[in-house]
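Inspection log for the structure reproduced underneath, given as structure tokens.
Only the coordinates and a few stated rules stand behind these numbers; no lab work does. Remember, predicted model here, so these are calculated numbers, not experimental data. Ideal geometry is used to build each Cβ from the backbone, glycine not excepted, and the neighbour counts take in all protein chains shown.
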Amino acid sequence: MRIAGDLLRIAKGEVLGDSWSRQVYSVDASHYEISPAAVVCPADDHDVEQICKYSFAKKVPITARGAGTGLLGQALSDGIILDFTKHMNRIVKIEDDHVVVQPGVIKGVLDKELKKRDKFLPPDPASSNYCTIGGMIADNSSGVHCLGYGNTIDFLDAVDAVYSDGEPGFASASRFDVRMEKLAKLLSPHVDVIKSGYPTVSKNSCGYRLDAVMSDRFMPHKVFAASEGTLGIMTSAKLRILDIPVYRCMMVLGFEDLLGAVSAAPTILKFSPVALEMLDDTVLSRDRTGDKGCLLFVEFAGDSRKIEARLKACREELAGNCSVLEYASDEQSMAKIWRARKGALNDIMKLTVGSRRPIGLIEDTVVHPELLADHAASLLQTYRENKLDYVMYGHVGDGNMHTRPLVDTGSGKEVNLIQRIAGIVFGQVIGSGGTITGEHGDGLARVGYIEMMYGKQITSLFSAVKRLFDPDFIMNPGKKVPVQ
Ligand SMILES: Cc1cc2nc3c(=O)[nH]c(=O)nc-3n(C[C@H](O)[C@H](O)[C@H](O)COP(=O)(O)OP(=O)(O)OC[C@H]3O[C@@H](n4cnc5c(N)ncnc54)[C@H](O)[C@@H]3O)c2cc1C
């Protein structure tokens, strides 16, 4: 209560210290539960600076929060929670090729505004109707259409932030503050290690994305992507936007089983779809009894009707392997089809019964799409050998598999089994040049596996970066870098 009382004197925005509010903010979309000391809805950048100064002086942890849809406990803390959805949720400006937004803007709200201007910001998590741009940057979120266009990190052009000591900062390729100059000095001697130490897959939310920071040009703002609020609190961001393609068309393909579907992915990729998604009957048959087999959703988009020819050629090459269940090229029908795919995780979360849950530890691995069939076969064998019920779906065009075994979290034996399986699965994924998380991030669940992913040299760079931005480990501690 003392912290809430102090904050009441400091912040213009609401301060919530009652037990009901603290309970509401003690959960997100993960399995964790941590009650915060207090919650503040900052009114503006100045509020954020003042609150950070307070937490720096008192050494109280501080954690930013968007919509709380993170799947690994990223937005949970026993310190101060800053909720950006209430006041810092403004679209500041929409230009021809970029937007400037406050972090609490809901992606779905931005989508609607952009659509009026025939523009879009491609990363489209299934949670778009609730999740915020701040959360998307901090988790480096992705989605169905990132195959064709890239992930949040690829669209991030500039960030304004407040650092752990309450000082405001700014970062873009052309203009950055003194702390970012220090970041350049810190990382420059290690460019070769960084260049060779990252996976070469199309999406990655594990650790800090130093590979993107030290690309051909110094890109300091990219350090915030996938950083889970551990380096600074973002107060505004500039993101690149694109024109909505003139033509779009899609088909839904039915395969006999998951391995047949996943094996077809490399063939389909030759035709350059913008989306290639998979939904297995382990998800489908739970709410529509009787559905069997595995579906692939394939979308083509572009500014000429040639995309129709690409879809036709793709269908012909696959003839005999699968059946075309649906075809659509009008917006309404396509939106309806995509809703079925995007509802997958929501449906899966409803499978929780008591302590038996679809556990999200190995739920976001990425391997090269050509290796996905082997990876899927190995997962299926592991589930079979250990008699585990499971669900599987994912962004197969990116080699990104979402899978969750159903586990009794009340049973020490089952929890140990999942940890043992995670060690094996992550080992295989890393060994094949992939990542343990493509888009959902590390949070509390995977922070312990980051060193396994990158090795000692790069993880010690992560610790050095963390110390540069947050020497007292008060910014969302326990995420990205273990508490020291
Ligand atoms: C049903 C469902 C479906 C999903 N589908 C997808 C999907 O298809 N693709 C995908 O990539 N993800 C998906 N997710 C995961 C999740 O929705 C995304 O990671 C989302 O971008 C998180 O946004 P949020 O606003 O809820 O962030 P939160 O969960 O509130 O926070 C996430 C992280 O962002 C940090 N953060 C928030 N604001 C700031 C700020 N201003 N400054 C610094 N750090 C900040 C927080 O501290 C935290 O570490 C899904 C989740 C659910 C529940």
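Quick look at the numbers
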| quantity | calculated |
| --- | --- |
| Residues 352, 132 arranged by fewest to most Cβ contacts within 10 Å | 352, 132 |
| Selection of trypsin sites (Lys or Arg not before Pro), segment 40-146, meeting DSSP coil and at most 11 other Cβ within 10 Å | 59 |
| Degrees between helix 331-342 axis and first principal axis of the chain (Cα, 0 to 90, nearest 10) | 70 |
| Shape category assigned to segment 238-351 from the gyration tensor of Cα positions, a/c cut at 1.5 | oblate |
| Those lysines that a straight Cα-Cα span of less than 19 Å connects to residue 306, excepting residues fewer than 8 apart in one chain | 270 |
| Fraction of alpha-carbon pairs over 19 Å apart in segment 2-83 - percent | 30 |
| Fraction in percent of alpha-carbon pairs per bin - 5 Å, segment 310-353 | 5, 16, 18, 15, 18, 13, 8, 4, 1, 0 |
| Set 119/480; 350/387; 203/350 screened for pairs whose C-alpha atoms are more than 31 Å apart | 119/480 |
| Segment 321-475: C-alpha pair distances exceeding 25 Å, % | 42 |
| Relative frequency of Cα-Cα separations exceeding 24 Å in segment 91-243, percent | 29 |
| Helix-derived mean residue ellipticity, 222 nm - over the chain, DSSP H n ≥ 4, -39500 (n - 2.57), to 500 | -11000 deg cm²/dmol |
| Computed Rg/Rh of the chain, alpha carbon atoms with Kirkwood Rh | 0.96 |
| Zone residues, segment 449-484, relative to residue 78, backbone N less than 20 Å from point 7 Å out along Cα-to-Cβ | 472-484 |
| Label-point gap, in nm, between residue 319 and residue 27 - each point 7 angstrom along Cα→Cβ | 5.3 |
| Spin-label zone in segment 234-274 - amide nitrogen under 16 Å from a point set 7 Å from the Cα of residue 327 along the C-beta vector | 248-254 |
| Taking the chain and dividing mean pair separation by its residue count, relative contact order in percent (alpha carbons under 8 Å, at least six apart) | 17 |
